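Take a look at the structure set out below.
The values are calculated or read from the model by the stated rules, or taken from the named source; none is laboratory data. What you see is a predicted model, and the numbers here were worked out from it, not measured in a lab. We place every Cβ from the backbone using ideal geometry, glycine too, and count neighbours over all the protein chains shown. Side chains are part of the model used for accessible areas, which takes the heavy atoms of the whole protein and leaves out ligands, DNA and RNA. Shrake-Rupley method; radii C 1.70, N 1.55, O 1.52, S 1.80 Å.
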Amino acid sequence: MIMQQQGINANIMSLSGIAIAIGAMVDGAIVMIENAHKHIEKDDGKKPHWDLILDASKEVGPALFFSLLIIAISFLPVFTLEAQEGRLFKPLAFTKTYAMMGAALLAITIVPVLMGYLIRGKIRPEHKNPVNRFLVWIYHPIIKLVLKAKILVVLLAVAVLALSYFPWQRIGSEFMPPLNEGDLLYMPTTLPGISITKAKELLQQTDRIIASFPEVHHVFGKIGRAETATDPAPLSMIETVIMLKPESEWREGMTMEKLVSELDKAIQFPGLTNAWTMPIKTRVDMLSTGIKTPVGIKLMGEDLGVLSDLGEKVEAVLRNVPGTLSVYSERVTGGNFLDFRIKRLEAARYGLTVGDIQDIIMTAVGGMNITQTVEGLERYPVNLRYGSELRDTPEKLRRILVPTPLGAQVPITQLADIRIVKGPPAIKSENARNNAWVYVDIRDIDVGTYVKMAQQVIRDKIKLPPGYSLVWSGQYEYMVRAQKRLMIVVPLTLLIIFLLLYFNFKNIGDSLIVMMSVPFSLTGGLWLMYFLGYNMSVAVGVGFIALAGVAAETGVVMLIYLDLSYQDFKARYGENFNRKHLYESIEEGAALRVRPKMMTVVAIMAGLMPIMWGHGTGSQVMKRIAAPMVGGMVSATILTLIVVPAIYGLWKGWRLKN
């Protein structure tokens, strides 16, 4: 209902928000029901049923509400994303936040009422449950060992955290994982000055080669610009849309990466720089930055000749950087122009003005609309100019006759010098400065690592003249923008989470213990990403943001049970409460309540695993979101079951007597 009011439709990203939240949504109900079972089991019919439900709900309800609220708040950084990444991930953040807020509200309102009506009769004791007996049998000796070597356990945990630096250093970075759209876009670039005849021939040859592959359904190529101001493509840029057959009809073992590699090897023409990408992605990139390749360089300055020379130097330098598939610098001064230099004195001798001669050039060569024809509801301009056989070479153009006021016909070569000159085929400007762009296509390397190497090479080998600058663009520009935004917002979100924990526990120590679960959970996420070969991206960042909230929730659940057991033992022994009793309380709170903890973790993992098994369009992004959460839940579970009890024992026991 809220999605409908907001205008958020049911797409892959909005539904994914529910998919990654569905496991955490039931955590509150699991813990509430488990606690009610425990109360009913211990009471043995002495208290009224609804009083037992009320006591069980009040024990864990506030902490559960705050833990689920933390999961919702943890997605705050995603709402601050802007532009392309904001439009992509905000629907996911909205649906996940609404789902978790609804789960938090239901956990303290509807769930207790339903427990009162549905949890009745004799409750089977935990020690008679085979699953619970198995979990306690495994975990109880471990927790005993942990409490005997608490400092060693904490030091080992810190060492494991330090080891995560290894995968962190080897994980690359990119703006967004490659999204398989099911089709390809081939966008090579030729040198400027290519003739229309040669351009058509080149387009036909590349189309024929591409169509010969058995995976290709059909090919549609275009060169030059369409009759619209929204397509300023020069004649040197080819755009070929490659529609592919379903993957079930491909050759055995063929993948999109292998297909692109084979196509690239098949199309090798001198002066043609290949670039392979996806149709929708390229349109979005070109509308955003104008750069059609993953990495682009914008050289800025005043003189187009200097910019062209700098571009060629950058092209030569980057060609040897590892990971470069192709690199092409726009020749901003490489266009051919037919230049008519009018001889003013000669024109005046015949009684002609400059405008008279320019009118002849415009009508004879360029053409002039003289009227329009109406064909039903359609209107077409009628253009008048010389036939192509009279104007297709400079020699024929020199024989164009210009009428004088006296009626004589003078060859235009007597009134103007005609020559072919070099000039800019198109002038690009940004921030009121002329631009020259360098397109870089990469393979088998991530964007972040490539740009770092390329920046170092350019710093070492190219010196920019005064007044000229270099800007890295393309996907790298998006990536840097998102990183800068998250570097500010993520720490603020962690501070808000800490404040929520403090408002719940009213204790800085307990709040810090839960906050420690966040960096330890990142360890598993980093290692799983390293093994899967994923790069850091905005999608992975969203996964880690979601993981931080879930990890804090698992820490809260453990701390609830430890605090309940601690308070119970403290009330039982009063002033005689010592470290032995503390360790017994930790054993009871950790080992005897292992079932609800494992149930919450399994519920979250069960909600994420179908995403990891997914295949098809959109799965590449969703796997990057789910992978940090799956790996992080493993390390967060180990932390919750082993490290948190050790830290809790150190925190609560340092003032107690032995």
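Here are the numbers:
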item: Ellipticity estimate at 222 nm from DSSP helix runs (n ≥ 4, -39,500 (n - 2.57)) divided over the chain, nearest 500; result: -19000 deg cm²/dmol
item: Total charge dipole magnitude, region 120-252, about the Cα centre, Cβ charges on Lys, Arg, Asp, Glu only, Debye to nearest 20; result: 1600 debye
item: Computed FRET value (nearest 0.05) for ILE2 with GLU575, which takes r as the C-beta separation and R₀ as 60 Å; result: 0.65
item: Positive-end residue of THR393, VAL241, PRO403, charge dipole of the chain with Cβ unit charges; result: VAL241
item: Environment charge of ILE2, counting only residues whose C-beta is closer than 14 Å and scoring Lys/Arg +1, Asp/Glu -1; result: +2
item: Extension reserve of the LYS258-ALA432 stretch, reckoned as 0.36 nm per residue once the Cα distance is removed; result: 58.4 nm
item: Sites ASN336 and LEU152 - FRET efficiency at Förster radius 60 Å, r taken between beta-carbons, to 0.05; result: 0.20
item: Nearest-20 debye value, the chain charge dipole, Cβ charges on Lys, Arg, Asp, Glu; result: 1560 debye
item: Per residue value of the accessible surface for region 218-315 (all protein chains in place, 1.4 Å probe), Å²; result: 49 Å²
item: Folded to 0 to 90 degrees: helix 475-505 orientation relative to the chain principal axis, Cα; result: 20 degrees
item: Rough spin-label spacing in nm, given labels placed 7 Å along Cα→Cβ, for ARG344 and LYS198; result: 3.7 nm
item: Largest-first principal axis extents, alpha carbons of region 1-135, Å; result: 61, 32, 22
item: Separation of the ALA159 and MET101 label points, Cα + 7 Å toward Cβ, nm; result: 4.6 nm
item: Mean projected area in nm² (Cα convex hull; one quarter of hull surface) for the chain; result: 42.1 nm²
item: Euclidean distance between Cα centres, region 411-464 to region 529-563, Å; result: 44 Å
item: Partner aspartates and glutamates for LYS128 [C-alpha distance under 18 Å; skip if fewer than 8 residues away on the same chain]; result: GLU34, GLU41, ASP43, ASP44, GLU588
item: MET453-ARG398 pseudo-label distance in nm [points 7 Å out on the Cα-to-Cβ vector]; result: 5.3 nm
item: Dipole moment magnitude, nearest 20 debye, region 1-94 about Cα centre, only Lys, Arg, Asp, Glu C-beta charged; result: 200 debye
item: Using a Förster distance of 22 Å, the FRET efficiency for LEU390-LEU191 (Cβ separation, nearest 0.05); result: 0.15
item: Within straight-line cross-link reach of LYS144, lysines at Cα separation under 21 Å, skipping those fewer than 8 residues along the same chain; result: LYS570, LYS580, LYS597, LYS652, LYS657
item: Net +/- balance of residues flanking ALA72 in space, Cβ distance below 14 Å, scoring K and R +1, D and E -1; result: -1
item: Tilt relative to the chain, helix 594-612 - C-alpha long axis, 0 to 90 degrees, to 10; result: 20 degrees
item: With Cα atoms, 0 to 90° folded angle of helix 279-288 axis to the chain main axis; result: 80 degrees
